[in-house]
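Notes follow the structure.
Where a number appears in this text, it was derived from the coordinates with a stated rule and is not lab data. Bear in mind that the values here come from a model prediction, so they are computed numbers and not experimental data. With ideal geometry, Cβ positions are generated from the backbone for all residues, glycine too; neighbour counts draw on all protein chains shown.
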Amino acid sequence: MTKQRDQISGSCATDISAREEDSSHAIKQLTEQEYKYGFVTEIEEDSFAPGLDESVVVRLSEKKREPQWLLDFRIKAFRRWLTMEEPRWAFLRYPTIDYQAASYYSAPKKKKTLQSLDEVDPELIETYNKLGISLEEQKRLQGVAVDAVFDSVSVATTFREELARQGILFCSFSDAVQTYPDLVKKYLGSVVPYSDNFFATLNSAVFSDGSFAYIPKGVRCPMELSTYFRINAANTGQFERTLLIADEGGYVSYLEGCTAPMRDENQLHAAVVELVALDSAHIKYSTVQNWYPGNKKGIGGIYNLVTKRGKAMKNAKISWTQVETGSAITWKYPSCLLVGDNSVGEFYSVAMTNNFQQADTGTKMIHIGKNTSSTIVSKGISAGRSQNSYRGLVSIQQKATGARNYSQCDSLLLGDQCGAHTFPYIEVRNTSSVVEHEASTSKINEEQLFYCQQRGISIENAISLIVNGFCKEVLRELPMEFAVEAQNLLGLQLEGTVG
Amino acid sequence: MLNIHHLVVKAGDAIILKGIDLHIKPGEVHAIMGPNGSGKSTLANTLSGRAGYEIVSGSVSFQGQDLLSLAPEIRAREGFFLGFQYPVEIPGVGNMYFLRAALNAIRKHRGEPEIDALDFLTLAKEKMKLLELDETLTKRSVNEGFSGGEKKRNEIFQMALLQPKFALLDEIDSGLDIDALRIVANGVNSLRGPERSFLLITHYQRLLDYIVPDYVHVLFHGKIAKSGGKELALELEEKGYGWIEEIAKKSGDA
Ligand SMILES: Nc1ncnc2c1ncn2[C@@H]1O[C@H](COP(=O)(O)OP(=O)(O)OP(=O)(O)O)[C@@H](O)[C@H]1O
Ligand SMILES: [Mg+2]
């Protein structure tokens with residue numbers, strides 16, 4: 001294991017490709033695992049024909065009976081997008097995406113407007129049951145409210161009434177546009193502007209649905225809020241938009257999960273998530289991303305190109321925790337704008353890539369207010385022929401006196417054909433701030449494996465045990481209910497059973 | 001229990017074990033002594049199935065099975081325990097979690113039901129007492145940040161929990177203070193019985209005051225140069241290894 005420690009340095013890059021024969025056959029065995037969520041739901045969908053031009057944007061907006069201001073927002077974004085180029089700076093290799101080949105709207109046909117959950121298509125209820133998500137509140141995951149997004153629309157939101165009693169608004173984005181237009185209008189694009197970047201701008205033009213939550217002043221949301229995203233239809237892009245606002249002193253813990261069927265074509269997922277944490281609010285946002293990663297030969301899989309950003313006002317705190325195991329391509333940098341004095345940003349990440357998966361993920365911590373602090377803990381695990389990059393920016397602005405950052409990026413290599421890369425960028429514009437960066441890259445330790453085996457533990461379980469141990473600092477940040485799920489997922493990605 | 005027949009083992013480019021013969025019956029305690037680099041740990045690694053050791057010739061039977069053909073974890077599940085000279089740290093993996101996974105793997109192999117968390121805790125507490133292990137240690141990650149002596153005690157704690165049929169303890173006494181030595185020896189002695197055998201690797205006859213062996217062997221340049229009773233350890237302590245070298249030379253191929 002190489003450990004390096006540098007204080008306030010510029011950017012540096014570590015690139016280590018592993019070479020180790022021994023545990024490779026075990027790892028190979030482990031990695032020959034089927035994707036568990038690859039089934040397709042047979043349901044009649046109402047879809048747009050493939051293709052994208054301004055008329056598609058207009059039709060989409062009409063379909064959702066959107067107010068004029070939102071259509072204007074979309075059109076503005078679309079026109080901007082036409083002038084932009086797809087970014088290619090990430091350590092990712094994939095063919096040019098044909099944006100005309102995808103359909104920009106697909107939704108299960110519904111017979112009439114839903115009055116209650118009982119009217120949700122049983123096929124959909126069954127789909128979510130298969131995914132381990134119960135939409136029937138009586139069989140609920142204890143203390144978790146779910147918004148279920150299926151292709152382009154939200155199909156159900158649970159616990160809506162209970163939450164409303166405390167003034168908490170939790171519904172699909174489309175509902176929010178109709179029901180709370182003022183809040184949406186005020187905050188949409190306030191953290192990720194419509195012109196932010198190629199994928200976010202595309203999303204701003206064609207986003208279909210997503211989740212919306214608002215936590216009023218001083219309210220601590222009594223349950224986990226969660227969104228479960230499911231791509232079902234073929235040749236459809238998913239562009240969801242999530243907006244969470246925690247008013248002064250509010251608290252919410254939010255979780256999103258995602259899966260998709262196994263298909264040979266690559267599918268596009270370009271989401272935008274905006275978090276607004278007003279003074280003294282705390283938003284904890286956790287992701288367990290398990291989009292279809294493609295098969296062992298690298299065919300198919302989701303292109304996950306996501307912009308996630310939070311704005312933290314005075315004394316506010318935003319914590320991102322992500323467990324990224326799926327997708328063929330991951331391009332994702334959940335970030336914090338630490339605008340208010342004393343605000344805190346956290347990023348805890350596990351990114352696991354296998355076979356031909358490629359991930360370029362990390363965070364941006366932008367320190368603007370005084371005495372702001374941020375913590376970055378990134379754990380990358382690469383297996384197969386995958387490439388796994390951490391890319392992070394810590395930027396300390398001139399006025400952010402007394403700011404501090406601690407970053408730790410560890411990579412674990414399983415096998416000899418994968419790669420781990422670290423691209424930390426650090427900018428410090430004042431002298432009273434402290435930035436600390438630690439990085440390590442290690443191969444799975446043969447001695448640790450042997451020690452486990454000598455105690456009777458199979459090599460598959462030993463790897464799972466060691467990988468989970470390696471990720472412990474991140475996994476313990478996840479809400480209890482999901483920590484177990486994430487742990488199992490990491491195991492599943494690599495093996496059959498978890499011991 | 002364990003029969004080693006003319007075992008020749010290569011590590012890297014060199015032949016390290018040059019024909020070892022050793023027969024250990026149920027209930028017996030054997031000790032191996034020998035200078036640094038004579039091949040003691042190599043023998044332990046070979047028997048436990050660590051990668052990187054090539055069996056040139058010879059065979060090992062363990063309870064009637066061909067030990068060397070078994071995967072390391074199967075050897076362990078069949079009751080072969082190695083107390084490591086240098087136990088490795090596994091960050092982030094809880095000691096108790098690890099041990100329960102190990103115990104359950106062994107139980108499953110024997111066709112026994114898995115032990116639940118509560119029963120396991122009761123069992124573990126009992127063994128912790130035996131080894132006078134601090135409870136906080138077992139709450140930490142496997143060996144992480146343990147002192148040298150704590151690591152060794154943790155090995156014996158694991159052995160006490162897993163109840164192997166045969167235990168090979170590689171320098172279990174090195175790095176132990178006087179009290180810890182006594183505790184570890186007590187732990188080993190409490191496991192002695194007519195069905196269980198031990199092979200102790202040590203440099204110091206003092207361990208053998210506490211754990212009295214039935215046989216002592218001297219490993220020298222990859223061969224067992226001399227075997228005897230427990231008094232052989234005393235003789236070595238007194239005379240060093242010089243005279244063993246003479247014996248080895250006389251036998252013709254040192
Ligand atoms: N994998 C290996 N590759 C090359 N040489 C090795 C390897 N393993 C062991 N050796 C060599 O074999 C010899 C015996 O080593 P071993 O560790 O078995 O000695 P030991 O008797 O246990 O010594 P000590 O008392 O110091 O623990 C040493 O010279 C060592 O360097
Ligand atoms: Mg040794």
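Key figures for this structure:
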read-out	value
Net +/- balance of residues flanking B:Ala185 in space, Cβ distance below 9 Å, scoring K and R +1, D and E -1	-1
Using alpha-carbon coordinates, inclination of helix B:117-130 to the longest axis of chain B, degrees	50 degrees
Two-site FRET efficiency, B:Gln163 against B:Asp214, from Cβ-Cβ distance with R₀ of 25 Å, rounded to 0.05	0.75
Estimated FRET transfer efficiency (A:Ala49, A:Arg93; beta-carbon r; R0 25 Å; 0.05)	0.25
More than 17 angstrom apart: percent of Cα pairs within region A:393-439	45 percent
Rg [Å, one decimal], Dmax [Å, integer] - region A:312-449, C-alpha atoms	15.9, 49
Peptide-level mean, for B:84-95, of C-beta atoms on other protein chains within 10 Å	5
Extension gain (nm, one decimal) between A:Glu265 and A:Lys76, 0.36 nm per residue minus Cα-Cα	65.0 nm
For region B:1-130, the Rg and Dmax computed from alpha carbons only, in angstrom	17.0, 49
Loop-resident sites, region B:1-70, for trypsin sites (Lys or Arg not before Pro), counting at most 12 other Cβ within 10 Å (DSSP)	none
Burial ordering of A:Trp331, A:Trp89, B:Trp243, A:Trp320, fewest other beta-carbon atoms within 10 Å first	A:Trp89, B:Trp243, A:Trp331, A:Trp320
Cα-projected label distance for B:Asn189 with A:Tyr406, points at 7 Å along beta-carbon direction, nm	4.7 nm
Among B:Asn36, B:Asn186, B:Asn95, residue whose mean-square fluctuation peaks in a GNM of chain B (springs only between Cα atoms under 10 Å)	B:Asn36
Simple label model, 7 Å out from Cα along Cβ direction - B:Glu237 to A:Ser442, nm	3.9 nm
